[in-house]
Amino acid sequence: MPNERRSGLGGRAAADARAPIGVFDSGVGGLTVLAALRERLPQERFLYLGDTARLPYGTKSPETVVRYALQAADVLVARGVKALVVACNTASSVALPAMAERFGPLPLMGVVEPGAAAAAAASRSGDIAVIATEATVRGGAYQRAIDRRRPGARIHALACQLFVALAEEGWTDGPIAQAVAERYLAPWFAPREASGAQAHTQAQAPSPAPGGPTPDTLVLGCTHFPMLRAPIRRVIGDQVALIDSAVTTAEATRTLLQERGVLAPLTAGAAEPRQLELLATDGVERFAAVGSRFIGRRIAPTEVELVDL
């Protein structure tokens, strides 16, 4: 990152350290990133915005996604955040340059680059699989980011859209979730003669043929997908490195804040009455109900502030 952008925080570092970290997503999926951030940065305050009125971003044009991302970030910056975490794969893919230009020296982190870096480092063979939403796969952000770090890697990408619905319904384990995981992933990780449903699955993606190389690394390229870790792990086995973009983003954010000198002191949180504030642009009741599963604790609708972008 250029030195002039680093120096922009200057003498404000001490004050900024006690300001909240802003996190935004098109909906509730980014709460998995928020949960990982809170686990690794327990002393920090967080302000989360879910743009639920305009989700999903993946069906929108790049120009619209950039506009929405800037509007969401404007709300968080106006409330005094010290950093921005873009917990949305689509926005991370297309909006980061525009956000960096508008918000200058403010520390900025997306979810794609940390996941790609972790995958490139973890893979022994160079066979790397990425599962994400249709828009993320089609846009190729993970493929490009991995290829920059690991030229010559064999990258296999597959849209697993049903995982999103399962996560939001809370069907994250059990027979249905397991069957969907098998249908999506078995052609990669348990090659066998294709027939019926498996033949259909194989036709959807550039996956290795039965008997071909098996990826040794799998990237969860959607913030909903960590919710289905258990059935996914049962399909891929214990030997495959599983890259959780929520975890890698949280770790990269911690490193970035440390480099900028704006990590909150360990004692800062004790005096703060509100460590987490939640904002949504529509449907606070549904946000609270679905978000409770993603963040790992009950969210009451009264905890969610409705904002208009």
Residue hits (the range 213-235; in contact with a Leu (Cβ under 6 Å, 6 or more places away or on another chain) and farther than 23 Å from Ala135 by Cα) are Val235
The correct count of residues that are buried (at least 18 other Cβ atoms within 10 Å of the Cβ), small (Gly, Ala, Ser) and touching a residue at least 24 places away in the same chain (Cβ under 8 Å) in the range 274-309 is 3
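Could you tell me how many of the residues in the range 20-39 are touching a Lys or Arg at 6+ places or on another chain (Cβ under 6 Å) and modelled with pLDDT under 95?
In the first step, residues of the range 20-39 are kept if they are touching a Lys or Arg at 6+ places or on another chain (Cβ under 6 Å); the result is 20.
Filter again for modelled with pLDDT under 95, leaving none.
Counting residues in the range 20-39 that are touching a Lys or Arg at 6+ places or on another chain (Cβ under 6 Å) and modelled with pLDDT under 95 gives 0.
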Considering the range 124-134, residues that are surrounded by fewer than 24 Cβ atoms within 10 Å (Cβ to Cβ) and in contact (Cβ under 8 Å) with a residue 60 or more places away in the chain, and then whichever is nearest to Ala95 (Cα to Cα), we arrive at Glu134
Given the conditions (1) touching a helix residue (DSSP H, G or I) at 6+ places or on another chain (Cβ under 8 Å); (2) of a type in the set (A, V, I, L, M, F, W, C); (3) within 22 Å of Thr59 (Cα to Cα), every one holds for Ile146 apart from (3)
Condition set surrounded by 16 or more Cβ atoms within 10 Å (Cβ to Cβ) and of a type in the set (Asp, Glu), scope the range 34-80, selection farthest from Val290 (Cα to Cα): answer is Glu44
Taking the range 167-182 and keeping residues among the aliphatic types (A, V, I, L, M) and at pLDDT 95 or above leaves Ile176, Ala177, Ala179, Val180, Ala181
Of the candidates Val137, Val81, the one satisfying the condition of being β-branched (Val, Ile, Thr), more than 18 Å from the chain's Cα centre (by Cα) and either in a loop (DSSP other than H, G, I, E, B) or under 25 Å from Pro213 (Cβ atoms) (or both) is Val81
Open item on the list: Taking the conditions exactly as written (among the aliphatic types (A, V, I, L, M) and within 23 Å of Leu266 (Cα to Cα)), does Val66 satisfy them or not?
Closed with: no
Result of the Cβ filter at 8 Å on the range 96-108, keeping first residues that are at pLDDT 95 or above and of a type in the set (D, E, K, R) and partners that are assigned to a helix (DSSP H, G or I) and surrounded by fewer than 21 Cβ atoms within 10 Å (Cβ to Cβ), at least 6 apart or interchain, is Arg102/Leu70
Filter the range 91-114 for residues that are crowded, with 20+ Cβ neighbours inside 10 Å and in a loop (DSSP other than H, G, I, E, B); the one that is nearest to the chain's Cα centre (by Cα) is Val111
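Tell me whether the range 135-150 contains one or more residues that are surrounded by fewer than 22 Cβ atoms within 10 Å (Cβ to Cβ) and more than 24 Å from Ala91 (Cα to Cα). Quick ask: steps written out before the conclusion?
Kept after step one, since they are surrounded by fewer than 22 Cβ atoms within 10 Å (Cβ to Cβ), are these residues of the range 135-150: 135, 138-140, 143-144, 147-150.
When the remaining residues are screened for being more than 24 Å from Ala91 (Cα to Cα), the result is none.
Checking the range 135-150: not a single residue is surrounded by fewer than 22 Cβ atoms within 10 Å (Cβ to Cβ) and more than 24 Å from Ala91 (Cα to Cα).
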message: Looking at the structure I just gave you, is Thr64 of a type in the set (Val, Ile, Thr), out of contact with any strand residue (DSSP E or B) (no Cβ under 7 Å at 6 or more places or on another chain), over 21 Å from Ala252 (Cα atoms) and in a helix (DSSP H, G or I)?
response: yes
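The values are calculated or read from the model by the stated rules, or taken from the named source; none is laboratory data. Just so you know, these numbers come straight off a predicted model, no measurement behind them. Don't worry about glycine lacking a Cβ; one is built from the backbone with ideal geometry, like all the others, and counts go over all protein chains shown.
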